[in-house]
Amino acid sequence: MNALEIVRAVQEHGATLTLEDGRLLVKGAGQRLPDDLRSELAQHKTEVLVALGCPLDKTLAGILAELRPNLTPALRALPDDKLLALVNWHIIAAWEKAIREFGRR
């Protein structure tokens with residue numbers, strides 16, 4: 001599912017997704033959302049935040065907060081701007097590697 005499909009699916013269950021202080025909240029559901037939809041929402045949370053118009057700085061802060069627990073202590077200690085630069089550098093390096101490998105085929 002993509003972000004818009006998730007928003008529609010939540011609405012079909014009688015709920016809405018709202019942003020409060022940069023947090024994603026499910027409101028108005030008479031009952032708990034199905035587990036598969038909750039899983040999709042968790043998996044695509046960042047995309048949903050962007051689709052709902054969450055400010056970019058709050059979205060990025062959320063992404064970095066999700067990454068930090070999986071990092072070494074030294075990387076965890078980096079300020080957001082330096083960690084984001086490092087993440088971007090790794091994305092660019094991975095993209096360039098994929099392009100080189102694709103060109104070898």
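The values are calculated or read from the model by the stated rules, or taken from the named source; none is laboratory data. Everything numeric in this text was worked out from a predicted model, so none of it was measured. A quick note on method: Cβ atoms are made from the backbone with ideal geometry, for glycine too, and the neighbour counts reach across all protein chains shown.
Of note:
- Residues of the stretch 70-80 that are in a helix (DSSP H, G or I) and surrounded by fewer than 10 Cβ atoms within 10 Å (Cβ to Cβ): 70, 73, 74.
- Scan the stretch 9-43 for residues that are exposed (fewer than 11 other Cβ atoms within 10 Å of the Cβ) and either in contact (Cβ under 8 Å) with a residue 40 or more places away in the chain or over 24 Å from residue 65 (Cα atoms) (or both) and the total you get is 3.
- Filter pass, residue 26 being in the same structural domain as residue 6 (by TED's automatic domain parsing) and outside any helix (DSSP H, G or I): yes
Conditions (1) in a loop (DSSP other than H, G, I, E, B); (2) assigned by TED's automatic domain parsing to the domain that holds residue 14; (3) among the acidic types (Asp, Glu), marked per residue:
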| position | (1), (2), (3) |
| --- | --- |
| 33 | yes, yes, no |
| 39 | no, yes, no |
| 48 | no, yes, no |
| 54 | yes, yes, no |
| 57 | no, yes, yes |
| 60 | no, yes, no |
| 82 | no, no, no |
| 92 | no, no, no |
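- Options 60, 67, 83; residue that is at pLDDT 90 or above, in contact with a helix residue (DSSP H, G or I) (Cβ under 9 Å, 6 or more places away or on another chain), more than 17 Å from residue 6 (Cβ to Cβ) and surrounded by 12 or more Cβ atoms within 10 Å (Cβ to Cβ): 83
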